[in-house]
């Protein structure tokens, strides 16, 4: 979805014979929106669709119900309190979800022991900590802390880790793409877009092709929260070549080119990726507002059509106290939110901010799971009053209130 790539051997036209070592290769079309959107065509030595056996493994241990729990409050979650261990696929835990997008966290310390494929959606993973590579039939995507890693829906792959990792996974039910306002009429990124084609790290074609990676023939498929294990008849990585615009990639968050205005710009200027019903935004170190008297700190606001999810990555968070790296705040539809006491005033005259954060705005409410509630800081909604000098005296909801 960035631009067209070609790797390895492909025939002169689509849907015509390609012979490799005297044998006919099998064309494999990977399409979006039926056959009407971007696609990639890969060529396998053996049929990629033959299956020897399958087994229903039941519910994924990290997939639990996301449900409205009756709380309209600003919320603070601490996913760093999740236990460490397992593979990236097994260790993931569902935190928040709505019909358009799901948000998972994982703290794995081991490689995926099989291939995996998410049939529920595209996966955009932000690597908060760790490094390694993602192996796919289309090549290898190396990653490090601070990278987004994109894997298209249902593409078999496995994560290989150099050590323990901390991952934020965004699972988009609709195709995740770059916002259309950053493209010209032929699909090229415009010169004033906040990134360029060179920023997106393409999959590396390994020596000997993906077949040289020795991929397992066991594939775990996630669909509707359940996992199916399939034993494939042939090596799914026996790809001799491919071309197309649908491929996995890595994008370093610090490659995002932030904009600065005379006065404070809204968070929509930080949009990085978009799907139907949600956007993903990147906050990176940047110069702040240039007009004399401008207030760089975000103003109190009520974004009455959106839930706002913010994952704090690094730096000094301009509008908050008491929020550490790897914290999550969720500001729901129905409540205003803004800077902690003193932050708004103190920002006047500053020239830059060094914060790094990932924001997800959704147009349907994000519902928490028990994994989120188990690591919630219940005092966050009252933290503005507390940090202004203690709880106010008088008032308070002490007794049941009749309707």
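The values are calculated or read from the model by the stated rules, or taken from the named source; none is laboratory data. Every value quoted in this text rests on a predicted model; they were computed, and no experiment measured them. Please note: Cβ atoms are built from the backbone with ideal geometry, for glycine as well, and neighbour counts cover all protein chains shown.
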- Task: Please work out if residue 67 is buried (at least 18 other Cβ atoms within 10 Å of the Cβ) and under 29 Å from the mean Cα position of the chain (by Cα).
- Result: no
| said: Given the criteria outside any loop (DSSP other than H, G, I, E, B), closer than 25 Å to residue 201 by Cβ and modelled with pLDDT of 95 or more, does residue 55 qualify? | reply: no
query: Is there a residue being buried (at least 17 other Cβ atoms within 10 Å of the Cβ), farther than 22 Å from residue 45 by Cβ and under 25 Å from the mean Cα position of the chain (by Cα) anywhere in the range 206-215?
result: no
Over the range 280-302, the set of residues surrounded by 16 or more Cβ atoms within 10 Å (Cβ to Cβ) and either at pLDDT below 80 or in contact with a helix residue (DSSP H, G or I) (Cβ under 8 Å, 6 or more places away or on another chain) (or both) is 281, 282, 283, 284, 289, 294, 295, 296, 297, 298
By residue number, the members of the range 197-229 that are touching a helix residue (DSSP H, G or I) at 6+ places or on another chain (Cβ under 8 Å) and assigned to a loop (DSSP other than H, G, I, E, B) are 206
Pairs returned, first residue in the range 95-109 that is free of Cβ contacts under 8 Å to residues at least 60 places away in the same chain, second residue that is assigned to a loop (DSSP other than H, G, I, E, B) and surrounded by 24 or more Cβ atoms within 10 Å (Cβ to Cβ), beta-carbon separation under 6 angstrom, 6 or more apart or interchain, are 108/165
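Restricting attention to strands (runs of 3 or more DSSP E) lying wholly within the range 91-196, give those where 2 or more residues are surrounded by fewer than 20 Cβ atoms within 10 Å (Cβ to Cβ).
On the way: elements: 93-97, 101-106, 115-118, 122-129, 132-136, 139-143, 147-151, 158-161, 166-172.
Answer list for the range 91-196: 139-143, 158-161.
Would you mention how many residues in the range 27-36 are outside any strand (DSSP E or B) and either under 13 Å from residue 154 (Cα atoms) or at pLDDT 90 or above (or both)?
1
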